[in-house]
Amino acid sequence: AQERYASIREKPATTKCGKTISLQMNAGLMADLPSLDGSGAEGVGLFRTELQFLVRNQMPKRSELSALYTRVLDAAHGKRVVFRTLDIGSDKVLPYMKPNDEPNPALGWRAIRVGLDRRGVMRMQLQALIRAAAGRPLTIMFPFVAQYEEYRQARAEMDKVLAREKKLGHALPETIEVGAMLETPSLAFAPDKFYEEVDFLSIGGNDLKQFFFAADRENERVRKRYDTLNVSFLTFLEGIVKRCEASNTSLSFCGEDAGRPIEAICLAAMGLRSLSMRPASIGPVKNILRSVDLDGVRRIIEEARLRGDQSVRPAVMAYLQSQP
Ligand code: PEP
Ligand code: MG
């Protein structure tokens, strides 16, 4: 599939109306890294670090993690890699760190909540990341942040680890960005101060959609009722885009929907300028973005909203088919 799009691999995802969308790839294994060049991705917009924890039956050692993160950064040849800290719980349970039985694991003890309650684990991972990135840029993202205070505490932990590393005489990263995933609706309404403080935000569309519609992302029966292109959801996303524009916060979208061509077009039409997806989706998404007039799509979405359509999908599909 990547060969089919080889001719546009080095070209930007610039639309007919002149807007350029940054396309990044999602990864989680060392084996994913060769796709960085093959797919034409600008960087790794989401590196899911939990896989290394899930494939073992005991907690990995800091030195093992650090060695892996070093190899990932080496393989990225200077392209930006967004390392997401451990996102476990819900569907991803570690055999050596099980929560007590939870009636609703998706709403339970997971991700940053685990990190903040088990500071040793969080510190160990942050230390491994800092050491791996010595002398080069480091980008860290905390998952499932639901309120400002969680981000503040995680960031303070990061600063403490950094200070300690410095005291121990270790080389520090050249620059550090600390972002958060926006995947609970609450964070869309967090105080302005949060938006000003956070270095960047990335929308986790899979979880955000699940919580927006109160529909389990693992449950086909309810999940399929709610289209990502539902007008209410797009309006909600647009509100997040506007807040980020107002506070000059860099924003991307890294859920699976970013890799679906029609969804990607609509996300771009709502103002998103950075999308992260499976490597195989980059070619098709770039191809369609390069052929589209986002202002036109935007107009179609506006009309659908005024008509009270449930989803903009039929109108956007019809519009795309009508284009030469
Ligand atoms: C998401 O929720 O959209 C996301 C990117 O994270 P994950 O799918 O790993 O929960
Ligand atoms: Mg998520």
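Numbers below:
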{"read-out": "Residue that is more than 16 Å from ligand 1 (Cβ to nearest atom), surrounded by 16 or more Cβ atoms within 10 Å (Cβ to Cβ) and closer than 21 Å to Gly28 by Cα, where the choices are Glu157, Glu183, Glu177", "value": "Glu177"}
{"read-out": "Restricting the range 124-143 to residues that are assigned to a strand (DSSP E or B) and touching a helix residue (DSSP H, G or I) at 6+ places or on another chain (Cβ under 8 Å), the residue that is farthest from ligand 2 (Cβ to nearest atom)", "value": "Leu138"}
{"read-out": "So Leu116, is it modelled with pLDDT under 95 and not β-branched (Val, Ile, Thr)", "value": "no"}
{"read-out": "Count - residues of the range 284-324 that are among the aliphatic types (A, V, I, L, M), within 15 Å of Ser232 (Cα to Cα) and in contact (Cβ under 8 Å) with a residue 60 or more places away in the chain", "value": "3"}
{"read-out": "Answer residue from the range 48-94, given it is polar (S, T, N, Q) and touching a helix residue (DSSP H, G or I) at 6+ places or on another chain (Cβ under 9 Å) and is surrounded by the fewest Cβ atoms within 10 Å (Cβ to Cβ) among those", "value": "Ser63"}
{"read-out": "Filtered residues of the range 253-287 (kept if within 16 Å of ligand 2 (Cβ to nearest atom) and either polar (S, T, N, Q) or closer than 19 Å to Ala6 by Cα (or both))", "value": "Gly259, Ser276, Met277, Arg278"}
{"read-out": "Boolean, Asp216 is in contact (Cβ under 8 Å) with a residue 60 or more places away in the chain, away from ligand 2 (no atom under 16 Å from the Cβ) and outside any helix (DSSP H, G or I)", "value": "no"}
{"read-out": "Residue list for the range 65-119, restricted to those being more than 19 Å from Tyr148 (Cα to Cα), assigned to a helix (DSSP H, G or I) and away from ligand 2 (no atom under 16 Å from the Cβ)", "value": "Leu65, Ser66, Ala67, Leu68, Tyr69, Thr70, Arg71, Val72, Leu73, Asp74, Ala75"}
{"read-out": "When residues of the range 144-199 are limited to those that are within 16 Å of ligand 2 (Cβ to nearest atom) and assigned to a strand (DSSP E or B), the one nearest to the chain's Cα centre (by Cα)", "value": "Met181"}
{"read-out": "Among (1) over 16 Å from the mean Cα position of the chain (by Cα); (2) surrounded by fewer than 17 Cβ atoms within 10 Å (Cβ to Cβ), the one test that Ser250 misses", "value": "(1)"}
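The values are calculated or read from the model by the stated rules, or taken from the named source; none is laboratory data. Here the structure is a predicted model, which is why all the values come from computation and not from measurement. With ideal geometry, Cβ positions are generated from the backbone for all residues, glycine too; neighbour counts draw on all protein chains shown.
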